[in-house]
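Written out below as C-alpha cells is the structure these notes cover.
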Amino acid sequence: MSVLDDLFAGCREEGRSALVGYLPAGYPDLPTSLEAIRTLADAGADIIEVGVPYTDPLMDGPVVERAASTALRSGFRLTDVFTVVAAARDAGAVPVVMTYWNPVLRYGVDRFAQDLADAGGAGLITPDLIPDEAGAWRAAAEEQDLAPVFLVAPSSTDARLRSTTQACRGFVYVASTMGVTGVRDAVGSDAERLVGRTRAVTDLPLCVGLGVSTGDQAAEVAGFADGVIVGSALVRALGGPDGLGALRRLTEELAAGVRRA
Amino acid sequence: MTTTQQVGDRFGDFGGRYVPEALVAALDELDAARTEAMADPDFLAELDRLQRDYTGRPSPLTEVPRFAAHAGGPRIFLKREDLNHTGSHKINNVLGQALLAVRMGKRRVIAETGAGQHGVATATAAALMGLECTVYMGQVDTERQALNVARMRLLGAEVVAVPTGSGTLKDAINEAMRDWVTHVGHTHYLLGTVTGPHPFPTMVRDFHAVIGQEARKQLDDVVGGLPDAVCACVGGGSNAIGIFHAFRDEPSVALWGFEAGGDGIETGRHAARFSAGEPGVLHGASTYVLQDADGQTLETHSVSAGLDYPSIGPEHAFLHDSGLARYAPVTDREAMDAFSLLCRTEGIIPAIESAHALAGALRIGPELGEGAVVLINLSGRGDKDVDTAARWFGLVDDEGQAHVDGEAGPDVDEGGDA
Ligand SMILES: Cc1ncc(COP(=O)(O)O)c(C=O)c1O
C-alpha cells in the first residue's frame with residue numbers, strides 16, 4: 001500500500017475528507033516557500049501539492065499565473081521542487097508534485113521520477129499530460145512506486161473516465177468546472193455530477209479541485225468527495241499582507257470544513 | 001509512396017496532444033467534423049466558392065527578374081498570397097475553419113494573433129458568417145501592429161491585449177487556450193498556424209495546401225517543370241507547409257524554411273528554433289522549443305511579429321530531423337534589406353515575415369546558379385509593416401512624423417532686391 005492509500009484509508013476511518021493544499025514551489029521566494037509549506041502541513045493539510053512554476057501555465061488563472069512569474073523572477077530552479085517536497089514530507093504531509101509536462105521532459109522523465117521518489121514525493125499530477133501521451137511517465141512511475149494522477153473533466157466521456165481512472169494511482173483529480181484555476185463564488189453543480197459519474201467507473205479516492213476558497217465550500221465538497229483541493233485561495237492568502245498568518249488561518253478553516261461534512 | 005510519415009496524430013516523434021483533459025472532447029469533435037467535411041462535396045464546393053469569389057484565388061504567380069538580378073543567377077517566382085483578401089495566406093485556413101465552426105454549431109470563434117494578419121482574417125470570416133469573435137494579441141504586438149488592431153475592431157471583433165509573459169504570440173496562445181477551455185461548449189478556437197494539439201497541424205496544413213497545388217501548376221505552365229528550390233518564412237509554419245506540401249514527394253526540389261534570426265543567433269535575441277531549440281512540448285504539441293535548461297520557455301526576438309514565436313509546428317520538426325526540408329535563420333537586417341530590395345526593384349511591398357523568405361532566396365541563389373528556378377511564398381503584404389519599416393529606414397522621426405526628400409514651394413524670388 002502506498003502512502004496515499006494509507007492516508008485516504010485513515011481519513012475514511014475518521015469519517016472525513018482529506019484536505020489537499022496547493023502552493024507553487026519557490027513562491028514568493030524559496031525560504032518563504034519552505035516556511036509556507038510547513039505552515040500548510042501544521043495547520044491541517046493532509047496532502048500538499050507542490051506546484052512547479054512554469055512560463056506558460058495555460059491551465060491556470062491569474063492568481064497562480066502571477067505567483068509562477070514571481071517565483072521564476074525570484075530565481076526558482078527546477079531542482080528546488082525536490083527541496084520543497086522534502087520539506088513537506090518532513091512536516092508530516094504527503095507531498096505530490098503538480099507540473100506542466102515540458103520541465104519534466106527536459107529534466108528527463110526517469111531522472112525526475114527517481115529524484116521525486118528520493119525526496120519523498122508520493123506522486124505527480126500532470127495538467128497537460130493525458131494518459132494517451134504518458135507511456136514513458138507511467139513506466140517510470142511504476143518503477144519508482146509513484147502515483148500518476150491524471151485529471152477528469154465535465155467534458156470527459158464515460159469511456160475516457162474509465163480509461164483515465166484506470167491509468168491513475170493514489171487518487172483521481174476531478175476538475176469540477178470547465179475552466180482554469182481560480183477562486184469561484186459557487187462550487188458548480190457540475191462537481192457532484194462528475195464525481196458521481198467517476199465513482200461509477202473507479203474505486204480510487206476522488207479529489208475535487210478548481211474553485212474552493214472557504215471552509216463552507218470545503219464542507220460542501222467534502223459531502224461528496226474524498227478530498228478537497230484548494231489552490232488559488234491559499235496562494236492569494238500567502239501573497240497578501242501577513243501572508244504566513246493568513247495562510248495558517250485559511251488552512252485551519254478549510255481543515256475544519258473537511259471535518260464538518 | 002508518400003514521405004509524410006504521418007501515423008495517427010504524429011509526424012515521426014512529433015505532434016500529439018499535450019492538453020488538459022477538458023479539451024479532449026472538443027478536439028475529438030473537431031477531428032471528426034473536419035474528416036467528415038473534407039469528404040463532403042458540398043463542404044468542398046462551398047470552400048472553393050469562397051476561395052474564388054471572396055479571397056480571389058487562385059493567387060497569381062509573378063516572375064521578378066529585377067529582384068532576381070541580385071540573387072546570383074536563378075529565375076525567381078513569387079506566389080502572391082499577399083494579394084489575397086485581407087492581405088496574407090492566413091485567410092485560406094480561416095475560411096476553412098470558420099465553415100467548420102458553423103458546421104459544428106459553434107456561435108463564437110476565438111483566435112491568437114502575432115502580426116495581426118490571422119486576427120484580421122478571423123475577424124473577417126466572423127463578420128462574413130455572423131460569428132462572435134474575440135482575438136488575443138500580446139501587448140507588445142498590439143503596439144507594433146496597431147493598424148491591424150484597428151482593422152479587427154472595424155470588423156466587429158473584440159481585441160484583448162495580453163500583458164503577461166513576453167507580451168507576444170506565445171502569450172496570446174496561452175490566453176486563447178484559457179478562454180477555450182472555459183467556453184469550449186459554444187466556442188471554436190480558430191488556431192492560426194500548423195501547431196497545437198492534433199488535429200490542428202494536419203487540418204491547418206490541408207487548408208493551406210492550395211498554395212502549393214496552385215503554384216506547382218502555374219509554374220509548370222511557365223517553365224514546364226518543377227522548381228529547384230521552394231522558399232518560405234517559418235513562424236508557426238503554416239505558409240511554409242502550405243507551399244511545401246505539393247512538392248514533398250519530389251526529391252529534386254529543395255525545401256527551404258527561413259526562421260527569424262533576430263539580432264543574430266550568437267546574441268540570443270532571435271526565434272530560430274532549429275538553431276538553438278531542443279525537442280520539447282509547447283501549446284499542445286511535441287516539437288522543437290526554445291527553452292532553458294529547466295524547460296522554461298525562452299523569450300524570443302524578431303523585427304517581425306509573425307515569426308516571433310518560441311516553438312514551431314510539429315510537421316516541420318519532422319521535416320527538419322528527417323532532412324526532407326532545410327531551415328536557416330535570417331537576421332532582422334537581412335530581412336529588411338530584402339524588404340527594401342523588393343520594394344525598389346519590383347514595386348511590391350512585402351510583409352516583413354515574407355521578407356525573410358526573400359532574403360533566404362538571395363542567400364541560396366548563387367549556389368543554385370544560372371538557369372535554376374526558385375519559388376518563394378510571398379505570404380503577405382507589407383501595409384501593416386509600414387510604420388516599422390519607416391522607422392527602420394529612418395523615414396520618420398521618433399514622433400512618427402514623415403521625413404521628405406525636399407520641400408517644394410512657390411517658385412518666387414525670396415530676395416527683395418529685384
Ligand atoms: C504575412 C505572414 N507571413 C508569415 C507569418 C508566419 O506564420 P506561419 O509561419 O504560420 O506562416 C505570418 C504570421 O502572422 C504572417 O502574417
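The values are calculated or read from the model by the stated rules, or taken from the named source; none is laboratory data. All values derive from a computational prediction rather than experimental measurement. Quick reminder, even Gly has a Cβ in these numbers, built from the backbone with ideal geometry, and neighbours come from all protein chains shown. The protein model used for the area step is the full one, side chains on, heavy atoms only, and it has no ligands, DNA or RNA in it. Shrake-Rupley method; radii C 1.70, N 1.55, O 1.52, S 1.80 Å.
Here the scattering of the protein assembly as shown is modelled by Debye summation over its C-alpha atoms, one equal scatterer each and no solvent; at q = 0.06, 0.09, 0.11 Å⁻¹ the log10 of I(q)/I(0) is -0.37, -0.77, -1.06.
Two tests apply to each whole DSSP H helix in chain B, Cα reach of 30 Å or more along its axis and mean Kyte-Doolittle hydropathy of at least -0.5, and the ones passing both are B:200-223. Values of log10 I(q)/I(0) for region B:292-390 across q = 0.14, 0.17 Å⁻¹ run -0.63, -0.89, by the Debye formula with one identical scatterer at each alpha carbon and no solvent. The C-alpha radius of gyration of region B:231-361, expressed as a fraction of 2.2 N^0.38 Å, stands at 1.02. Shown here is the pair-distance distribution of region B:1-123: with all Cα-Cα distances grouped in 10 Å bins from zero up to the longest one, the shares run 11, 27, 34, 20, 7, 1 percent. For region B:4-52, accessible area lost to neighbouring protein chains reaches 10 Å² or more, against the chain alone with a 1.4 Å probe, at B:ARG10, B:ARG17, B:TYR18, B:VAL19, B:PRO20, B:GLU21, B:ALA22, B:VAL24, B:ALA25. Of the residues in region A:97-122, those shielded by at least 50 Å² of accessible area once partner protein chains are present, compared with the chain alone at a 1.4 Å probe, are A:ASN102, A:ARG106. Prolate is the label for region A:129-261, because a/c, from the alpha-carbon gyration tensor with a ≥ b ≥ c as root eigenvalues, is 1.5 or above and a/b exceeds b/c.
Accessible surface for A:GLU142 stands near 140 Å², nearest 10, in the context of the full protein assembly shown (1.4 Å probe).
Computed with a 1.4 Å probe over protein heavy atoms only, the accessible area of B:TRP392 comes to about 90 Å².
Expressed as a whole percent, the accessible area of region A:162-207 that falls on carbon and sulfur atoms is 44 (1.4 Å probe). Going from the chain on its own to the full set of protein chains, region B:169-186 has these residues losing 10 Å² or more of accessible surface (heavy atoms, 1.4 Å probe, no ligands, DNA or RNA): B:LYS170, B:ASN174, B:MET177, B:ARG178, B:VAL181, B:THR182, B:VAL184. The per residue volume of the convex hull around the alpha-carbon atoms of region B:116-259 is 135 Å³. For region A:80-136, the relative contact order is 45 percent, taking Cα pairs closer than 8 Å that sit 6 or more residues apart in sequence and dividing their mean separation by the residue count. Distance between the C-alpha centres of region A:140-166 and region B:224-256: 41 Å, rounded to the whole angstrom.
Dividing the convex hull volume of the alpha carbon atoms of region A:71-179 by its residue count gives 114 Å³ per residue. The accessible surface of region B:252-308, taken with every protein chain in place and a 1.4 Å probe, is 47 percent carbon and sulfur.
Pairwise Cα distances in region B:342-402 exceed 15 Å for 59 percent of all pairs.
Given +1 at the Cβ of Lys and Arg, -1 at the Cβ of Asp and Glu and no other charges, the dipole of region B:128-251 around its Cα centre is 180 debye to the nearest 20. Take every DSSP beta bridge whose two residues both sit in the protein assembly as shown; close to 25 percent of them are antiparallel. May I ask you to work out the translational diffusion coefficient for region A:19-74 at 20 °C, viscosity 1.002 mPa s, via Stokes-Einstein with Rh from the Kirkwood sum over Cα pairs, reported in whole µm²/s? Answer from the Stokes-Einstein relation: 188 µm²/s. Looking at the calculated P(r) for region A:221-261, what percent of the C-alpha pair distances fall above 14 Å? Every Cα pair in region A:221-261 considered, those over 14 Å come to 48 percent. Derived from the Cα gyration tensor, the three semi-axes of the equivalent ellipsoid of chain B are 33, 26, 22 Å, largest first.
The accessible surface of region A:91-140, taken with every protein chain in place and a 1.4 Å probe, is 44 percent carbon and sulfur.
Shape verdict for chain A, please, from the Cα gyration tensor: rounded (a/c under 1.5), prolate (a/b greater than b/c) or oblate. Judged from the Cα gyration tensor, chain A comes out rounded (a/c under 1.5).
Only aspartates and glutamates eight or more places from B:LYS384 in sequence, or on another chain, were considered; those with a Cα closer than 13 Å are B:ASP82, B:ASP141, B:GLU143, B:GLU353. The residues of region A:95-146 have, on average, 34 Å² of accessible surface per residue, using a 1.4 Å probe with all protein chains present. Computed with a 1.4 angstrom probe on protein heavy atoms, the A-B interface buries about 2800 square angstrom of accessible area in total. Got the relative contact order for chain B handy, in percent, Cα pairs under 8 Å and 6 or more residues apart? Relative contact order for chain B comes out at 20 percent.
Put simply, region A:1-123 fits an ellipsoid with semi-axes of 24, 17, 13 Å; these come from the alpha carbon gyration tensor as the roots of five times its eigenvalues, largest first. Averaged over the residues of A:176-184, the number of partner chain Cβ atoms lying within 10 Å of the residue Cβ comes to 3. Per residue, the accessible area of region A:43-93 comes to 32 Å², computed with a 1.4 Å probe over protein heavy atoms only.
Please build a GNM for chain B, connecting alpha carbons under 10 Å apart, and tell me which residue among B:PRO20, B:PRO314, B:PRO279 fluctuates the most. Between B:PRO20, B:PRO314, B:PRO279, it is B:PRO20 that shows the largest mean-square fluctuation. Per residue, region B:87-185 exposes 29 Å² of accessible surface when a 1.4 Å probe is rolled over the protein heavy atoms with every protein chain present. Mean separation of Cα pairs under 8 Å and 6 or more residues apart, divided by the residue count, gives region A:131-261 a relative contact order of 20 percent. Centroid-to-centroid, using Cα positions, region B:131-169 and region A:44-85 are 29 Å apart.
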